[in-house]
Every structure is written in C-alpha cells, then in structure tokens.
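The values are calculated or read from the model by the stated rules, or taken from the named source; none is laboratory data. All values reported here derive from a predicted model rather than from experimental measurement. A quick note on method: Cβ atoms are made from the backbone with ideal geometry, for glycine too, and the neighbour counts reach across all protein chains shown. Protein only, heavy atoms only, side chains kept; ligands, DNA and RNA dropped before computing areas. Shrake-Rupley method; radii C 1.70, N 1.55, O 1.52, S 1.80 Å.
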Amino acid sequence: MALNLKPIAGSSNRVIVEPAAAEEKTASGLYIPDTAKEKPSKGTVVSVSEEDSEGKKASVKVGDVVIYGKYGGTEFPYEGKDYLIMRETDIYAVVE
C-alpha cells in the first residue's frame, strides 16, 4: 500500500513508516495497560524519497518491514492513521 505522500530527501533519504501495533498482552497472556505499552520499534515502509542530495537511491522499498530505534523519526497523523517519517539511517534492519 503506497501512501499518497512523498518525503523530501535532503542530505539523507527519508522514509515514511507505519508503525506496528503495540503488544496487547505478554507471552504469558497478561494484558498490558495502555500506560505501560512500549513504543513499537517495527513497522512497514509506506513511502520512500526518490534519492538523497548526492543522488543515492534508498536501499529500502515500499512494503519492507523494518526495525528502527524506539525514539527514531517524527510522528505525524495523516488520514486517520499515525506514521513516522525518519532518515533511512535510523533504520537498523529489514525483516525478511
């Protein structure tokens, strides 16, 4: 699902990620209250800048599931959903 927003690269490629939902319960089955839920550090890439200021294309693509820093990126709402916009360098790994 491509988002109808295209990030502007600047000095580093930018990526828009839809964060995965926070865990609702623990592995043992206990429900986690909203105040204790951790911010997700995994999400799906929904849009990528064309290239950075040096002409380099991003190494991630739309649809990739990625792992990023817990406090990486800037949160913003768009059409009723929450997204993160971040530098590609804030992404640690692509889940395969």
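Data overview
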read-out: Surface accessible to a 1.4 Å probe, Asp64 within the full protein complex, Å²; value: 20
read-out: Simple spin-label estimate for Ala27 and Glu79 in nanometres, 7 Å along Cα-Cβ; value: 3.8
read-out: Segment Glu96-Val62, length gained on full extension (0.36 nm per residue, minus Cα span); value: 10.9 nm
read-out: Whole-Hz couplings from phi, Karplus 6.51/-1.76/1.60, listed for the range 57-65; x for Gly and Pro; value: 7, 5, 8, 9, 9, 4, x, 5, 8
